[in-house]
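Notes follow the structure.
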Amino acid sequence: MLLSLGLGTSCQWLAPAVPAAAPATAGSTVAFWLTNPDKSVLFQQQAGLAWGTAAPASGSAVIEVDEQQTYQTIDGFGYSLTGGSAQLLHAMAPAARQAILQELFATDAANIGVSYLRLSIGASDLDAAVFSYDDLPAGQTDPTLARFSLAPDLEHLVPVLKEILAINPDIKLLGSPWSPPAWMKTNNSSKGGSLKPEFYDAYARYFVKYIQGMKAQGVRIDAITVQNEPLHPGNNPSLLMLAEQQAEFVKLHLGPAFRAADLDTKIIIYDHNADRPDYSLTILNDPEARQYIDGSAFHLYAGPIEALSTVHNAHPDKHIYFTEQWVGSKSLFAENVPWHVRTLLIGATRNWARTVLEWNLAADPQQNPHTPGGCTECRGALTIAGSTVTREDAYYIVAHASKFVRPGSVRIASTLAPTLPNVAFKTPAGQQVLLVQNDARTPQSFHVRYHGQVFTATLGAGSVGTYVW
């Protein structure tokens, strides 16, 4: 299910600070932020909506928000800071880079407060070249990892991360590998192949050295996934890792290595499409493996978003993460924003996801850089040409949640109305945030009821609204 995302815009907006939490009483107002699929409004604050006490007319659409029913805690919303994204950001003029990083990661005024980033451990397919942290000439091996080096990340990625951390020291970082070093693999190639059993232990220590090395740079890795898209060995780089192999690697090598090194970095399994919940269940059903595992990560290029709940319901003590969905360069804003908000921001979080991450943060106007054989149509949330920034579909999608649903927010109950998918949260500051998408072909008016008070809102066809009180 490769899904549309598309046309760019360089529209600027100035966003006043979100007002402090106020009780839902008659006469007080609800802050309202809007995006229309025709781009006539792009994540702009509208006139506040007034609370009232009048009961909605019989048969009208009502969304009831109930903070007494709580679900998962939210870790954050954001993007993958690919090596290519970091390279483009690092090449900008310093003042221009600082301005866009402030806009992305700061949490005040006209900024969108991105709170979670995914990094590649070694190269992803959106790096300019393939690399690992222990590349060797053909025929050589390094089981002691004597030649391990984070040098490739020190050129662009780490400097950009340090600037981001200066803006938001609390941002959470997830590391995901696309491939081990080629010498650890059955085909001695960056593309495809499987991890040789004799190098399971060395690869576990490779993760440990990565986490420790990043920490030495002042970069804390909150979590790792064991393998990006383990059932897709056709990318470059990539690795085939079946569920049984991942279970063995975690329970006998990676988990014990983390424990021996006294690491608190979370171990997250799977990191692939929702059509295979059995992959996570196979591993979580292994008691020796599950003791080391924090949860499972999903993408949605195949399968239903409800599969996340299948895994949650089988193992409710293990967390769920949504970690990737691309934006296609040939797709349309008018299709992308409604679908991503409805299916991911709303759908994934209603199915227990603690994160929702769009794919690459930045690309150039030709969707570069990428590896040979890597994605040629992955549009970034930003298009960067020199020091000029164009905000794209995924920028606005993520902003509708990231600015308001801060880490530590808890999903609360909200009733579903026909053609009005929605999700609600209570923030650490005590605000309520309601995200609604009009999935009808015509404008819809609806009512929101909270603590006996009601406000009325209208959304155009396909439009997205975030309501904060």
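How many of the residues making up segment 92-127 are surrounded by fewer than 17 Cβ atoms within 10 Å (Cβ to Cβ) and free of Cβ contacts under 8 Å to residues at least 24 places away in the same chain?
Adding up the residues that qualify gives 3.
Scan segment 311-336 for residues that are touching a helix residue (DSSP H, G or I) at 6+ places or on another chain (Cβ under 6 Å) and of a type in the set (Val, Ile, Thr) and jot them down.
311, 320, 327
So which residues in segment 349-388 are over 23 Å from residue 297 (Cα atoms) and of a type in the set (Gly, Ala, Ser), if there are any at all?
363, 373, 385, 386, 387
How many residues does segment 268-316 contain that are of a type in the set (S, T, N, Q) and open to solvent by less than 30 Å² (accessible area, probe 1.4 Å)?
Step one: list which residues in segment 268-316 are of a type in the set (S, T, N, Q), which gives 273, 280, 282, 285, 291, 296, 309-310, 313.
Checking which are open to solvent by less than 30 Å² (accessible area, probe 1.4 Å) leaves us with 273, 280, 296, 309.
Residues meeting the conditions: 4.
Taking segment 355-379 as the search range and keeping residues that are of a type in the set (Gly, Ala, Ser) and more than 15 Å from the chain's Cα centre (by Cα), which one is farthest from residue 390 (Cα to Cα)?
Start the filter on segment 355-379 by keeping residues that are of a type in the set (Gly, Ala, Ser), which leaves 362-363, 373-374.
Next cut, more than 15 Å from the chain's Cα centre (by Cα) only: 363, 373-374.
Numbers: 363: 10, 373: 26, 374: 23 Å.
Only one residue fits best here, namely 373.
If you go through segment 152-164 one residue at a time, how many are open to solvent by 30 Å² or more (accessible area, probe 1.4 Å), part of a helix (DSSP H, G or I) and not acidic (Asp, Glu)?
Filtering segment 152-164 down to residues open to solvent by 30 Å² or more (accessible area, probe 1.4 Å) leaves 152, 154-156, 159, 162-163.
Among the residues that remain, those that are also part of a helix (DSSP H, G or I) are: 152, 154-155, 159, 162-163.
Restricting the remaining residues to those that are not acidic (Asp, Glu) gives 152, 154, 159, 162.
Count: 4.
Find the residue count for segment 375-388, including only residues that are open to solvent by 10 Å² or more (accessible area, probe 1.4 Å), of a type in the set (A, V, I, L, M, F, W, C) and part of a strand (DSSP E or B).
1
Given the conditions (1) outside any helix (DSSP H, G or I); (2) open to solvent by less than 60 Å² (accessible area, probe 1.4 Å), which single one is not true for residue 54?
Among (1) outside any helix (DSSP H, G or I); (2) open to solvent by less than 60 Å² (accessible area, probe 1.4 Å), residue 54 violates only (2).
Quick one: how many residues across segment 318-333 are under 18 Å from residue 231 (Cα atoms) and part of a loop (DSSP other than H, G, I, E, B)?
Count: 2.
Based on what the data block shows, is residue 265 touching a residue at least 12 places away in the same chain (Cβ under 8 Å), surrounded by 22 or more Cβ atoms within 10 Å (Cβ to Cβ) and hydroxyl-bearing (Ser, Thr, Tyr)?
Spelling it out, residue 265 is indeed touching a residue at least 12 places away in the same chain (Cβ under 8 Å), surrounded by 22 or more Cβ atoms within 10 Å (Cβ to Cβ) and hydroxyl-bearing (Ser, Thr, Tyr).
Got a number for residues in segment 97-113 being more than 19 Å from residue 383 (Cβ to Cβ) and modelled with pLDDT of 95 or more?
Summing the residues that are more than 19 Å from residue 383 (Cβ to Cβ) and modelled with pLDDT of 95 or more in segment 97-113 gives 4.
Test residue 176 against the criterion of being touching a residue at least 40 places away in the same chain (Cβ under 8 Å) and among the hydroxyl-bearing types (Ser, Thr, Tyr), and give yes or no.
Against the criterion (touching a residue at least 40 places away in the same chain (Cβ under 8 Å) and among the hydroxyl-bearing types (Ser, Thr, Tyr)), residue 176 qualifies.
Checking the structure you have, find out if any residue of segment 63-74 is of a type in the set (A, V, I, L, M, F, W, C), at pLDDT 95 or above and out of contact with any helix residue (DSSP H, G or I) (no Cβ under 9 Å at 6 or more places or on another chain).
yes
What is the residue count in segment 179-193 for residues that are at negative phi, out of contact with any Leu (no Cβ under 6 Å at 6 or more places or on another chain) and either open to solvent by 10 Å² or more (accessible area, probe 1.4 Å) or part of a strand (DSSP E or B) (or both)?
So the count comes out to 7.
Kindly establish whether residue 130 is open to solvent by less than 10 Å² (accessible area, probe 1.4 Å) and part of a loop (DSSP other than H, G, I, E, B).
Here the answer is no, as residue 130 does not meet what is asked.
Could you please let me know if residue 302 is of a type in the set (A, V, I, L, M) and under 14 Å from residue 273 (Cα atoms)? Talk me through it step by step, then tell me what you get.
Numbers: of a type in the set (A, V, I, L, M): yes; under 14 Å from residue 273 (Cα atoms): yes.
Yes.
The values are calculated or read from the model by the stated rules, or taken from the named source; none is laboratory data. None of these values were measured; they are calculated from a predicted model. Positions of Cβ are backbone-derived with ideal geometry, glycine not excepted, and every protein chain shown enters the neighbour counts. Please note that ligands, DNA and RNA were not included when accessible areas were found on the heavy atoms of the full protein model with its side chains. Shrake-Rupley method; radii C 1.70, N 1.55, O 1.52, S 1.80 Å.
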